[in-house]
Amino acid sequence: MAASRTRLLCLRSGMLILFVYFVYSKLDPVLGEEAMSCESLRLGQFLYSLMYLCNDPKIDEATQEPENCRDTTAWVECLPAPNISCRLSNGTEFRFSGKEVGFNKTISCRNVSGYSYKVAVALSLFLGWLGADRFYLGYPALGLLKFCTVGFCGIGTLIDFILIAMQIVGPADGSNYIVDYYGARLTRLSITNQTYRKPHLSL
């Protein structure tokens with residue numbers, strides 16, 4: 001009986017020592033180091049409340065893109081969580097209350113030039129046999145050809161409707177359609193020389 005109590009006491013003492021060591025090893029780097037840069041905080045990182053949230057961008061009603069979109073890049077203001085201390089871009093350390101802007105983060109935006117996705121789909125559906133969709137998107141030769149052949153006897157009209165609805169065919173100037181910012185946008189994934197390719201494992 002005494003041996004089992006001694007074993008239980010040793011086990012509890014060992015668990016307490018491990019717990020204290022674990023807490024100390026996790027808190028020591030946080031308490032002992034300088035404050036990290038605000039830009040190095042991670043979105044939603046939850047390590048001793050180190051996190052930030054970015055405001056939604058202000059959307060331009062005409063283009064449905066962020067108002068400050070320049071060269072497919074825009075920026076949004078990010079607010080570190082309350083009681084976070086981090087270094088600002090000028091090097092000063094600041095403790096945030098959750099209402100101050102800590103840094104700006106860049107987000108991607110699209111180059112648009114006035115071609116509406118809804119208008120293009122409607123023209124393709126109702127007047128595609130006359131080539132109105134191709135005229136609207138800036139392809140006058142294809143529009144004229146569709147007009148003269150009555151939409152390639154209906155086959156070209158159907159194909160164009162599918163291609164425009166799937167956003168495969170876009171404006172001739174290379175810009176993107178104006179699509180609602182929180183609407184049905186398609187993002188094409190592609191593999192380039194800069195894409196990371198995971199090597200195959202040999203068996």
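Give the ranking of Leu142, Leu16 by solvent-accessible surface, highest area first, calculated with a 1.4 Å probe. Could the numbers behind the result be given before it?
Numbers: Leu142 70, Leu16 110 Å².
Order by accessible area, largest first: Leu16, Leu142.
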Residue among Tyr117, Gly98, Pro140 farthest towards the positive dipole end of region 67-192, charges placed on Cβ: Gly98
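Going by average Cβ density within 10 Å per residue, which order do the peptides 165-172, 94-101 take, highest to lowest?
Details: 165-172: 15.0, 94-101: 12.6.
Ranking the peptides 165-172, 94-101 by packing returns 165-172, 94-101.
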Rounded accessible area of Val76 (nearest 10 Å², 1.4 Å probe): 10 Å²
Heavy-atom surface of region 89-173, accessible at 1.4 Å and reported per residue (Å²): 59 Å²
Pairwise FRET efficiency - Leu8 versus Asn83, Cβ, R0 = 35 Å, nearest 0.05: 0.30
Heavy atoms of Lys58: accessible area, 1.4 Å probe, square angstrom to 10: 150 Å²
About the Cα centre, charge dipole magnitude for region 58-143 (Lys/Arg +1, Asp/Glu -1 at Cβ), debye: 160 debye
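Apply the a/c threshold of 1.5 to the C-alpha gyration tensor of region 39-191 and tell me whether it is rounded, prolate or oblate.
Values: a/c = 4.09, a/b = 3.54, b/c = 1.16.
Taking the square roots of the gyration eigenvalues as a ≥ b ≥ c, region 39-191 is prolate.
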Net charge, Ile107 excluded, C-beta distance under 15 Å - Lys, Arg +1, Asp, Glu -1: -2
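Mind checking the full-extension length gain between Leu125 and Ala62? Use 0.36 nm per residue of separation minus the Cα-Cα distance, one decimal, nm. Working shown, then result.
Numbers: separation 63, 0.36 × 63 = 22.68 nm, distance 2.37 nm.
Separation in residues times 0.36 nm, less the Cα-Cα distance, equals 20.3 nm.
The values are calculated or read from the model by the stated rules, or taken from the named source; none is laboratory data. Computed from a predicted structure; not experimentally measured. Quick reminder, even Gly has a Cβ in these numbers, built from the backbone with ideal geometry, and neighbours come from all protein chains shown. Heads up: the accessible areas ignore ligands, DNA and RNA and are worked out on the full protein's heavy atoms, side chains in. Shrake-Rupley method; radii C 1.70, N 1.55, O 1.52, S 1.80 Å.
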